[in-house]
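Worksheet: the structure to be examined is printed underneath.
Please treat every number below as a calculation from the coordinates, not as lab data. Predicted model, so just to flag it, every value in this text is computed and none were measured. Because the Cβ atoms are built from the backbone with ideal geometry, glycine has one as well, and the counts that use them run over all protein chains shown.
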Amino acid sequence: MKTKFLSYFLISTILLGNGMKDGVYIGTGKGYKSDIKTEVIIKNQKIEDIKVISSSDTSIISDAAFNNIKKDIIETQGLGVDMVAGATSSSNGFYRSIIEALKSSGANISELRKIKKEKVLKKEKRELNTDVLVIGGGGAGLAAASSATENGANVILVEKMSFLGGNTILAGGAYNAVDPKRQKPMNIEDSNELFYKQTFEGGDKKGNPKLVKILTDNAYSGIEWLEGKGMKFKDDVFTVLGALYPRSHKPIDPVGTGFILTYEKFLKENNVPILLDTQAKELIIENNRVVGAVVETPEEILTIKSKNGVILATGGFSKNIEYRTKYNPKLTENILSTNTPAATGDGINLSQMANANLIGMEDIQMLPLGDPKTGSLSGNIETTVEDRIFINKKGKRFVAEDERRDVMTNALLNQPDALLYVIVDSQVYPNENDKNNFNESIKELVDENRAIKADSLDELAKKLEIDPEVLIKTIKDYNLAVDKKSDEFGRKLFGKKIEKAPFYAGARIPTIHHTMGGVEINENAEVLNKNGEIIEGLFAAGEVTGGIHGTNRLGGNALADITVFGRIAGEKAANNK
Ligand code: ADP
């Protein structure tokens, strides 16, 4: 294979000449957040090295793009490389920066683009043995792998993408837990009973009460567990969209990176193999017990035998259009989603090999706060529920903005063009460089036209093409409601008035966010079959499971769920000898 490629490369170089002159060349390309600046070193007319000089993309994700693309380009000395799935913006920006640098070296770009890495057609086979196999490297899988390791098991974790993190890393990071240490100084009265009641009733009492109780009783110890591994949370709590109450904790590290980095560090310190680009394809079932899985890498097919069991932590299925529409025909492909392309419901398919019971599959959560172009969470200018309102295109409020996510989304679907503007004032962003929950500064968002800034409400209305009188009245009425702590929509959570210029607006649309349904588990995170019996050796945690959040998951409860149940799954699997 190598000889074939080499001759192709030599022929193309000799016949057409790659044109590269030795030297160091710089190029830039637009990444996910901003420009990626890259240095390409040409020596002896070959691409010797590629170095990223600057990038502000989330490094866990973009490093996978940078490393894989660099490796392939240097190995093939060509540009016919694949972009890294789930990291397309970083991949494209990096690729463009390399092309720009190569252009200045005099390289023949169109010829280099024709040189491609050959795909491995016949994959090698290999067998690995361990105690516990974890499928999926998002928050639930990493929690499960860490917990199984702490409980003395040998663990292997497989992740189908080129990087860890799943949807967990894209989340705003909010984690609900009753926490007097942080809530008391803020005069917030709370209890596990209230947390339970809001979670259970917020899902229309469709969750399994036992699982809801485990979630709400153990969420805080999950925070302590993470802190014990070095993760840091802010001292204040806030209310994330649809959380219904101020008990959302925010990590110090941006978005979901704190969770992923904390677990990754712990697992590396404990020498737990993390196999990236490795997709689980089949469960191995012997004598009615799940004893491993067959997984595939770009080069190999591995049979991983795990004598204590397998933990499914493959996340949800928001990006699987076939599944989405099977369970809710309205959720067609033209509806955007906040999710990573990895959220295809692989775990649902795998679980069916063991006859797992599926519950709540039709309960698919939409949020009212998606980016109008991509559907993603990023770009949202709200920082906490208390300090912002939503208006429709006519400049009017239309819902209690502290409501359940499904209630707010349904209300939005009935507004003109199903589009809302989040409105905040400069008390939320006293400094232009202050950031939203997605690590973006308000200045950055305004500069990119993803947020609108105005020095008066009149000017803001004009920029949004709304009648200024209507907007001014809306804000005046809202500010009176803040004084009274009540309004016509039944809103309960009021913070600051909207009164201090400059004012900001951000457009948002409905977007698919979370699949509440999935495989049924019991209190030990053991998967149940269609007869309600435990499937020996099969555990599950996180978004792949159903039966916890009922019809509507509270905002901030997913990170608590994956931590609490990931931890339980790891412990129980480790002890399932
Ligand atoms: P959760 O919040 O439940 O942890 P995430 O979406 O954060 O869910 O993580 C799920 C992870 O599982 C993702 O990183 C995804 O790429 C991975 N995954 C999904 N299917 C497979 C599979 N078949 N094999 C390996 N990893 C998978």
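In table form, for the structure just shown:
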{"quantity": "Cβ charges +1 (Lys, Arg) and -1 (Asp, Glu), total dipole of the chain, debye", "calculated": "920 debye"}
{"quantity": "Nitroxide proxy distance, nm - points 7 Å out along Cα→Cβ at Asp458 and Val407", "calculated": "3.7 nm"}
{"quantity": "Karplus-derived HN-Hα couplings along the stretch 305-314 (A = 6.51, B = -1.76, C = 1.60, θ = phi - 60°), whole Hz, x at Gly and Pro", "calculated": "8, 10, 5, 8, x, 10, 10, 7, 9, 8"}
{"quantity": "Likely footprinting exposure, Glu333, Glu382, Glu432, fewest C-beta neighbours within 10 Å first", "calculated": "Glu333, Glu432, Glu382"}
{"quantity": "Phi to ³J(HN,Hα) by Karplus 6.51 cos²θ - 1.76 cosθ + 1.60 over the stretch 293-298, Hz, x for Gly, Pro", "calculated": "8, 9, 10, 10, 10, x"}
{"quantity": "Cβ charges +1 (Lys, Arg) and -1 (Asp, Glu), total dipole of the stretch 371-511, debye", "calculated": "300 debye"}
{"quantity": "Asn154 long-range amide H proximity, modeled H, under 5 Å", "calculated": "Asp131, Val132"}
{"quantity": "DSSP H segments from the chain that extend 20 Å or more along their own axis, Cα-based, with Kyte-Doolittle mean of 1.0 or above", "calculated": "2-16"}
{"quantity": "Loop sites in the stretch 277-385: trypsin sites (Lys or Arg not before Pro), DSSP, at most 10 other Cβ within 10 Å", "calculated": "Lys330"}
{"quantity": "Where only C-alpha atoms are counted, convex hull volume of the chain per residue in Å³", "calculated": "156 Å³"}
{"quantity": "Average Cα contact separation per residue, the chain, under 8 Å, 6 or more apart, as relative contact order %", "calculated": "19 percent"}
{"quantity": "Residue (of Thr474, Tyr504, Asn437) at the positive-pole extreme of the stretch 371-511, dipole from beta-carbon charges", "calculated": "Thr474"}
{"quantity": "Residues whose placed amide H lies under 5 Å from that of Ser318, excluding near-sequence neighbours", "calculated": "Thr515"}
{"quantity": "Selected from Asn67, Asn18, Gln77, residue furthest toward positive end of dipole (the stretch 2-113; charges at beta carbon)", "calculated": "Asn18"}
{"quantity": "Debye, to nearest 20: dipole size of the stretch 2-113, +1 on Lys, Arg Cβ, -1 on Asp, Glu Cβ", "calculated": "140 debye"}
{"quantity": "Order by protection proxy (mean Cβ within 10 Å, highest first), peptides 216-225, 401-410", "calculated": "401-410, 216-225"}
{"quantity": "Percentage relative contact order, the stretch 2-113, counting C-alpha pairs under 8 Å, at least six apart", "calculated": "35 percent"}
{"quantity": "Difference of contour (0.36 nm per residue) and Cα-Cα distance, Asn479 to Ser56", "calculated": "148.5 nm"}
{"quantity": "When each of Lys476/Lys500; Lys476/Lys497; Lys268/Lys435; Lys123/Lys307; Lys473/Lys496 is checked by Cα-Cα distance, pairs over 19 Å", "calculated": "Lys268/Lys435; Lys123/Lys307"}
{"quantity": "The stretch 371-511: relative contact order in percent, alpha carbon pairs under 8 Å with at least 6 residues between", "calculated": "37 percent"}
{"quantity": "Ordering of 187-200, 158-171, 334-347 by packing [mean C-beta count within 10 Å, highest first]", "calculated": "158-171, 334-347, 187-200"}
{"quantity": "For the stretch 452-465, 3J(HN,Hα) per residue [Karplus equation, 6.51 cos²θ - 1.76 cosθ + 1.60, θ = phi - 60°, Hz, x = Gly/Pro]", "calculated": "10, 10, 8, 7, 8, 5, 4, 5, 4, 4, 4, 5, 8, 6"}
{"quantity": "Per-peptide average of other Cβ atoms within 10 Å, ordering 477-485, 457-465 highest first", "calculated": "457-465, 477-485"}
{"quantity": "Tyr32 long-range amide H proximity, modeled H, under 5 Å", "calculated": "Ser90"}
{"quantity": "For the chain, with +1 on Lys and Arg beta carbons and -1 on Asp and Glu, the positive-most of Ala313, Leu226, Ala342 along the dipole", "calculated": "Ala342"}
{"quantity": "Rough spin-label spacing in nm, given labels placed 7 Å along Cα→Cβ, for Glu189 and Thr303", "calculated": "6.3 nm"}
